[in-house]
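For reference, the structure is listed below as C-alpha cells.
The values are calculated or read from the model by the stated rules, or taken from the named source; none is laboratory data. Note that the structure is predicted; figures quoted are calculated from it, not measured. Here the Cβ positions follow ideal geometry from the backbone for every residue, glycine too, while neighbour counts run over all protein chains shown.
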Amino acid sequence: MSGEFVFGWHAVEAVLKREPGRLQQVWIQTGRQDKRVGTITDALDELGVRWAVVHRRELDGRVAGVHQGIVAAVSESREWTEDDLLTHLASSEKPPFLLVLDGVTDPHNLGACMRTCDAVGVQAVIAPKDKSASLTAVARKVACGAAETVPFVRVTNLARFLRTIKDQGVWLIGTAGEANATLYQADFKGPIALVMGAEGAGMRRLTREHCDQLINIPMLGHVDSLNVSVATGVCLYEALRQRLG
C-alpha cells in the first residue's frame, strides 16, 4: 500500500464522496456504533474497500493528530499545475477569485484557509513550492473536506505566476499592516487575487511589489495583528459581501 493518510470524519467523508477511487483501506476506532459509522461502512462495502475496527492505539500509531476515531489510507491525489489553473480560469464563466498564500508554513493555517475558501467560493489557492505548507494529513483534517473541493496549486516561481495572472486582468490585493487603505476601501468585485503573507514576516518583497493595491485590517485593540487564517477569513468574507452585492 502506497500513498498517504487522511483522518477525521469530515476529511474521510469528503474523499468518499468526491474521490472514492483513492480509498485503499479504512480503520475505525472500536466502540463506535452510531449511524455515521454505518453509513460509511455500507458505502465502503459497496466500493469493495477494506475496513476494520481497531483499538485507538493503532490509529494513534498511524497518524499524528486528532483523528476522531477514523483513519483512511488513500492513493496520492493529482496536484493541479499552474497550466491546469490557467486553463480552468480561461474556461470559467465567473471572474477569477483566488487566494495566494506567500510562505504560510503552518498546515493548520493552510487547512483553515482552505475551509474558508470553500465556503466563499474561491476558485483556487496558490502557494510557492518552497518554504510553504503542503496539503498534509493535518491540513486536510483541519480543512474538513475543503482540500477535496478547492484546488491547491503550488508554483515554482510565485512572482512569475503573479505577473502571468496580472497580464490576464487579475487585480492583486495584498495585505500589509502599514498600508494606507483599509480592507473596506478595496474593490473585490472583479477578477481578483487576495495575497496573504507568512505568519509574522508578511509578504516577501517581490510579492509585495507585484500587488496592485495594499490594504490593512483595522485593529482597534492592543494586539497588532491577526492569525493569518483569521485575517484571510475576514478579507474573504468582505470580498464575498461585495461580490454578492
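Structural remarks
- Residue within the stretch 188-196 that is modelled with pLDDT under 95 and either in contact with a Leu (Cβ under 7 Å, 6 or more places away or on another chain) or among the acidic types (Asp, Glu) (or both) present: no
- Some residue of the stretch 18-29 being within 18 Å of the chain's Cα centre (by Cα) and either among the polar types (S, T, N, Q) or not assigned by TED's automatic domain parsing to the domain that holds residue 118 (or both): yes
Quick grid of which residues meet (1) more than 23 Å from residue 159 (Cβ to Cβ); (2) in contact (Cβ under 8 Å) with a residue 12 or more places away in the chain; (3) of a type in the set (Gly, Ala, Ser):
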{"site": "185", "(1), (2), (3)": "yes, yes, no"}
{"site": "201", "(1), (2), (3)": "no, yes, yes"}
{"site": "204", "(1), (2), (3)": "no, yes, no"}
{"site": "221", "(1), (2), (3)": "yes, no, yes"}
{"site": "226", "(1), (2), (3)": "yes, no, no"}
{"site": "241", "(1), (2), (3)": "yes, no, no"}
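So that you can scan it fast, the table gives a plain yes or no per residue for (1) of a type outside the set (Phe, Trp, Tyr); (2) over 15 Å from residue 205 (Cα atoms); (3) modelled with pLDDT under 95; (4) within 12 Å of the chain's Cα centre (by Cα):
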{"site": "134", "(1), (2), (3), (4)": "yes, yes, yes, yes"}
{"site": "138", "(1), (2), (3), (4)": "yes, yes, yes, yes"}
{"site": "141", "(1), (2), (3), (4)": "yes, yes, yes, yes"}
{"site": "146", "(1), (2), (3), (4)": "yes, yes, yes, yes"}
{"site": "159", "(1), (2), (3), (4)": "yes, no, no, no"}
{"site": "162", "(1), (2), (3), (4)": "yes, no, no, no"}
{"site": "172", "(1), (2), (3), (4)": "yes, no, no, no"}
{"site": "179", "(1), (2), (3), (4)": "yes, no, yes, no"}
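- Strands (runs of 3 or more DSSP E) lying entirely in the stretch 4-93 (those with 2 or more residues that are in contact (Cβ under 8 Å) with a residue 24 or more places away in the chain and over 17 Å from residue 144 (Cα atoms)): 23-29, 50-54
A quick yes/no check of all residues on (1) at pLDDT 95 or above; (2) buried (at least 17 other Cβ atoms within 10 Å of the Cβ):
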site	(1), (2)
7	no, yes
20	no, no
31	no, no
78	no, no
110	yes, yes
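- Scanning the stretch 21-42 for residues that are of a type outside the set (Ser, Thr, Tyr) and in contact with an Asp or Glu (Cβ under 9 Å, 6 or more places away or on another chain) yields 22, 27, 29, 36, 40.
- Residues located in the stretch 29-71, provided they are closer than 20 Å to residue 143 by Cα and β-branched (Val, Ile, Thr): 40, 63, 66, 70, 71
- Taking the criterion of being within 19 Å of residue 22 (Cβ to Cβ) and surrounded by 15 or more Cβ atoms within 10 Å (Cβ to Cβ), the residues of the stretch 38-58 that qualify are 40, 41, 43, 44, 49, 51.
- Residue 64 meets all of the listed conditions (1) touching a strand residue (DSSP E or B) at 6+ places or on another chain (Cβ under 9 Å); (2) exposed (fewer than 14 other Cβ atoms within 10 Å of the Cβ); (3) not acidic (Asp, Glu) but one, namely (1).
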